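Asker: Quick one: the structure is below, and I'll ask about it shortly.
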Amino acid sequence: FIFRDVKEIDNNSFTYNNVDFTKIRDGNIIRYSFPIYINNAEEPITAEIRNNPNDLKSIPYDTDIRSILTKPHIYITMEKNATGLAVAAYTEMKFYLGNPALWSINVTGAFTEPVSTYAVKTCTDVDRKTGIIWLTQGTEERISMNQGCVILAGPTEESYLRLADKLNLILLGIEP
């Protein structure tokens, strides 16, 4: 039994861009954990993403995406008919951006059109203190920057989760 468990761990561990990842299965849910060192700590904390980083390699992105980390407030905005998958992607990004041990950015959900009492934010709202990350439909998965607005475009809302993981890897410096 011990040999089987060790073999399973070996099959589920891999290195991506000099970071060790481990596949974790919890029932039908699969996540990928990896260590991150915060503030030159000797011991890492464990972080997780939903997708295997090797499966995200093909997603193109603009190299200046990390500039959004200079904004004290970021709105993650989506279309008014967005489903729970867009909200899950928002939650994934908020976990890292709003984490006090990382950047402690004030992150707020918003929509591109009025929905109940939620904020309405679009890329035109980018300014010196406000950043926008826009989850939107596109013909292919891509992370781009347009006049300070980070655009996560994908053909389906399922792709938003992949794009959120890719963005988190970029912001953490794991994706060059």
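The values are calculated or read from the model by the stated rules, or taken from the named source; none is laboratory data. Just so you know, these numbers come straight off a predicted model, no measurement behind them. No Cβ is skipped: glycine too gets one built from the backbone with ideal geometry, and neighbour counts run over all protein chains shown. Each accessible area value is taken on the protein alone, full model and side chains, heavy atoms only, with ligands, DNA and RNA left out. Shrake-Rupley method; radii C 1.70, N 1.55, O 1.52, S 1.80 Å.
Asker: Which of the listed residues, Pro53, Phe34, Asn18, is farthest toward the dipole's positive end in segment 17-87, when Lys, Arg count +1 and Asp, Glu count -1 at the beta-carbon?
Answerer: Value: Pro53.
Asker: Considering Cα pairs under 8 angstrom that are at least six residues apart, work out the relative contact order of the chain and quote it in whole percent. Don't skip to the answer; put the middle values down first.
Answerer: Details: 317 pairs, mean separation 35.0, N = 176.
Relative contact order comes out at 20 percent.
Asker: Additional query: Enumerate the aspartates and glutamates that Lys71 could reach by cross-link, defined here as Cα to Cα under 16 Å, with residues fewer than 8 away along the same chain left out.
Answerer: Within the straight-line cut-off, Lys71 pairs with Asp125, Asp127.
Asker: What longest region of the chain stays clear of trypsin sites (Lys or Arg not before Pro) that DSSP places outside H, G, I, E and B and that have at most 16 other Cβ atoms within 10 Å?
Answerer: In short, 1-49.
Asker: Let me ask something additional. Given the -39500 (n - 2.57) contribution per DSSP H run of 4+ residues, what per-residue ellipticity at 222 nm results for the chain, rounded to the nearest 500 deg cm²/dmol?
Answerer: Details: 3 runs with 38 residues, N = 176.
My calculation for the chain gives -7000 deg cm²/dmol from helical runs alone.
Asker: Does segment 45-100 come out rounded, prolate or oblate by the C-alpha gyration tensor, with a ≥ b ≥ c the root eigenvalues, rounded set by a/c under 1.5 and, if not, prolate when a/b is larger than b/c and oblate if not?
Answerer: Working: a/c = 1.23, a/b = 1.05, b/c = 1.18.
Judged from the Cα gyration tensor, segment 45-100 comes out rounded (a/c under 1.5).
Asker: Now for a different question. Cα to Cα, under 22 Å, and not fewer than 8 places away if on the same chain: which lysines meet these conditions relative to Lys80?
Answerer: Lys94, Lys121
Asker: Suppose a student asked you for the relative contact order of segment 14-106, using Cα pairs under 8 Å spaced at least 6 residues apart; what percent would you report?
Answerer: Details: 83 pairs, mean separation 16.2, N = 93.
Once divided by the residue count of segment 14-106, the mean separation gives 17 percent.
Asker: Rounded to the nearest angstrom and ordered from largest down, what semi-axes does the equivalent ellipsoid of the chain get from its C-alpha gyration tensor (root of 5λ)?
Answerer: They are 30, 18, 15 Å, listed from largest to smallest.
Asker: Looking at segment 120-169, which GluC sites (Glu not before Pro) are DSSP coil and have at most 11 other C-beta atoms within 10 Å of their C-beta? Kindly include the intermediate steps, with their values, before the conclusion.
Answerer: Numbers: sites: Glu140, Glu141, Glu157, Glu158; in loops: Glu140, Glu141, Glu157.
For GluC sites (Glu not before Pro) across segment 120-169 that sit outside H, G, I, E and B with at most 11 neighbouring Cβ atoms in 10 Å, the list reads Glu140.
Asker: Another question, if that's okay. Treat each spin label as a single point 7 Å out from the Cα along the C-beta direction, and report the Asp20 to Asn52 distance in nm.
Answerer: Going by the 7 Å Cα→Cβ label model, 2.0 nm.
Asker: Ranked from the most accessible area to the least, with a 1.4 Å probe and all protein chains present, what is the order of Ser159, Ser144, Ser116, Ser13?
Answerer: Per-residue accessible area, sorted high to low, gives Ser116, Ser13, Ser144, Ser159.
Asker: Here is a follow-up. How do Val120, Val150, Val19 stack up against each other in accessible area, from largest to smallest, with a 1.4 angstrom probe?
Answerer: Val120, Val19, Val150
Asker: Counting DSSP beta bridges in the chain, what percent are antiparallel, to the nearest 5? Show your work: numbers first, answer last.
Answerer: Numbers: 19 of 40 bridges.
Within the chain, antiparallel bridges account for around 50 percent of the total.
Asker: Under a straight-distance cross-link criterion of Cα-Cα below 18 Å, which lysines are reachable from Lys57, leaving out those fewer than 8 residues away in the same chain?
Answerer: Lys57 reaches Lys23, Lys166.
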